[in-house]
Amino acid sequence: MTTQIRDDLAQALWETLLLNSSNGRLPHGDIKRIADEFGFGRNVVGRIWRKGLTSMDSCVAAVVKAEWSRRGRKKVDRAGLCERVAQVPVVDRENQRTLQLATNTSAYLISQLIKEGYLWRALRRTCPLLTPKHISDRMKYCADRVLRTMKGGHYFDPMYDVVHLDEKWFYVKKVGGKVYVLTGKDDVPIDDPPVQYAQSKRHIKKVMFLCAVARPRGDWDGKVGIWPVVETYTTQRASVNRPAGVEEVRPVSMTREIYRDMLVNDVIPAIKAKWP
């Protein structure tokens, strides 16, 4: 016979015992008879009867539910685990395995802490380290953008007359990447995956571009233009790639002369062309 019954059967058994009792006492032989009717052992029926009487001593309704929580291994204290995690340096918390070794716990407990919301994976950001000079320069830059109105008020410069210049690097070829190609299903023409060639995937040629942008306004997106920092030269010798005497383009390093030349010949004319 089973020694653990469901809650509904325990409640029905308790109510049957109450119906047959008188002043908190059962007639001789009733426990054996009721146990046979329900198909349980005498110890189970006696335990439910004593449990019900004990709970009624506190002037509350009898509680005869099964104590399932007492079964199995006890749950590990989460507060203690969190204290052990807090003592681990941040450098040893980069993944679950290092955190498991540092806290001397199992991988299951670490995953449970994450699942239950005690841990979450955060991004370790790198913020700029500002010196006192950097802070003062930033404050001075902001203060210089404060303008005064005719009535004595103040407002920030909208910077509609400012163009920002910056240099950006771009690779000549993009290594890898995915594209969509036709599979040829239902008589549709089939496509072959595109292939590009390079002598080395780790040393792709880069080209510097000079970018000019301003604050967007109206129907204008604020893009003035972008120009490559390159030079055109004439090939002196023939090769397997091209004959001699052909004009080609190659990247060059940015210098003061090249920067001034691009400002005069490219940036300033582009700004004038964008004027309304």
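The table below gives the values:
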{"read-out": "Pick from the range 219-276, criterion free of Cβ contacts under 8 Å to residues at least 12 places away in the same chain and in contact with a Pro (Cβ under 9 Å, 6 or more places away or on another chain), ranking: nearest to Val207 (Cα to Cα)", "value": "Lys223"}
{"read-out": "Residues satisfying the stated conditions in the range 250-276, i.e. β-branched (Val, Ile, Thr) and loosely packed, with under 11 Cβ neighbours inside 10 Å", "value": "Thr255, Val264"}
{"read-out": "Residue count, the range 108-137 (criterion: surrounded by fewer than 10 Cβ atoms within 10 Å (Cβ to Cβ), of a type outside the set (Lys, Arg) and under 18 Å from Val90 (Cβ atoms))", "value": "6"}
{"read-out": "Only one of Val179, Val163, Val213, Val172 that is exposed (fewer than 11 other Cβ atoms within 10 Å of the Cβ), closer than 25 Å to Glu231 by Cβ and among the β-branched types (Val, Ile, Thr)", "value": "Val172"}
{"read-out": "Qualifying residues in the range 118-154 (those that are part of a loop (DSSP other than H, G, I, E, B) and of a type in the set (A, V, I, L, M)) - the one nearest to Cys82 (Cα to Cα)", "value": "Leu119"}
{"read-out": "Contacts under 6 angstrom Cβ, first residue in the range 171-184 being assigned by TED's automatic domain parsing to the domain that holds Val229 and of a type in the set (Lys, Arg), partner at pLDDT 85 or above and surrounded by 10 or more Cβ atoms within 10 Å (Cβ to Cβ), 6 or more apart", "value": "Lys173/Ile204"}
{"read-out": "Tally, over the range 196-210, of residues that are surrounded by 13 or more Cβ atoms within 10 Å (Cβ to Cβ) and more than 30 Å from Val163 (Cα to Cα)", "value": "1"}
{"read-out": "Subset of the range 66-102 that is under 30 Å from Leu18 (Cα atoms) and loosely packed, with under 13 Cβ neighbours inside 10 Å - its residue that is modelled with the lowest pLDDT", "value": "Ser69"}
{"read-out": "Options Gly52, Gly24: the member that is in contact (Cβ under 8 Å) with a residue 24 or more places away in the chain and surrounded by 15 or more Cβ atoms within 10 Å (Cβ to Cβ)", "value": "Gly52"}
{"read-out": "Test result for Leu113, touching a Cys at 6+ places or on another chain (Cβ under 8 Å) and at negative phi", "value": "yes"}
{"read-out": "Members of the range 27-45 that are surrounded by fewer than 17 Cβ atoms within 10 Å (Cβ to Cβ), of a type in the set (Gly, Ala, Ser) and at negative phi", "value": "Gly41"}
{"read-out": "Residue that is modelled with the highest pLDDT, among those in the range 1-27 that are closer than 15 Å to Gly41 by Cβ and assigned to a helix (DSSP H, G or I)", "value": "Leu17"}
{"read-out": "Given (1) under 16 Å from Glu167 (Cα atoms); (2) surrounded by 11 or more Cβ atoms within 10 Å (Cβ to Cβ), number of the condition Glu231 does not satisfy", "value": "(1)"}
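The values are calculated or read from the model by the stated rules, or taken from the named source; none is laboratory data. What you are looking at is a predicted structure, and each value in this text was computed from that prediction instead of being measured. Methodologically, a virtual Cβ is constructed for each residue, glycine included, from the backbone with ideal geometry; neighbour enumeration extends over all protein chains shown.
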